[in-house]
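Novice: Provided herewith is a single structure, encoded as structure tokens, for subsequent inquiry.
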Amino acid sequence: MKHRSKASIIAKILQVASVGGATRSQIMYRAFLSYVQLKEYLVLLQNNGLLQYDAETKTFKSTDKGAKFQSLFRQLGELVSEESLKPDIEPYDLASEEPRQIQVE
């Protein structure tokens, strides 16, 4: 799996917890996190009001603030798509050019 940003991991956790809530195990497996990572992110998201724990059902649920984060994250992804990151010009091919002599004085 390629490296993921904190924002993308947070968005995935919130996505998992947004539909009816999710247990720790469901979040861990669906978001592809280790137990250590899971604990760290659950604390972070709860402290920032993006996720809440329901002790009665033992599930985590995304808050309104969490839903707003997801929406903004999706919008950012649309603005900065893979296509928009490609250069407008062709990359310079060093192998096609004749070697030049550099004079040292």
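What follows is calculated from the coordinates using simple rules that are stated; it is not laboratory data. Please read these numbers as outputs of a predicted model, since none were measured by experiment. Counting neighbours? That spans all protein chains shown, and the Cβs are built from the backbone with ideal geometry, glycine included.
Novice: Given the criteria under 14 Å from the mean Cα position of the chain (by Cα) and surrounded by fewer than 16 Cβ atoms within 10 Å (Cβ to Cβ), does SER34 qualify?
Specialist: Answer is no for this residue.
Novice: Moving on. With the requirement that a residue be hydroxyl-bearing (Ser, Thr, Tyr) and touching a residue at least 24 places away in the same chain (Cβ under 8 Å), what does region 30-44 give you?
Specialist: The one that is hydroxyl-bearing (Ser, Thr, Tyr) and touching a residue at least 24 places away in the same chain (Cβ under 8 Å): TYR41.
Novice: If you check ALA17, ALA67, which single one turns out to be of a type in the set (Gly, Ala, Ser), part of a helix (DSSP H, G or I) and buried (at least 17 other Cβ atoms within 10 Å of the Cβ)?
Specialist: Details: ALA67 fails: buried (at least 17 other Cβ atoms within 10 Å of the Cβ).
Result: ALA17 is the single residue among ALA17, ALA67 that is of a type in the set (Gly, Ala, Ser), part of a helix (DSSP H, G or I) and buried (at least 17 other Cβ atoms within 10 Å of the Cβ).
Novice: Then there is this: Would you please name the residue that is nearest to ILE9 (Cα to Cα), looking only at residues in region 45-63 that are free of Cβ contacts under 8 Å to residues at least 24 places away in the same chain and outside any loop (DSSP other than H, G, I, E, B)?
Specialist: Top of the filtered list is GLN46.
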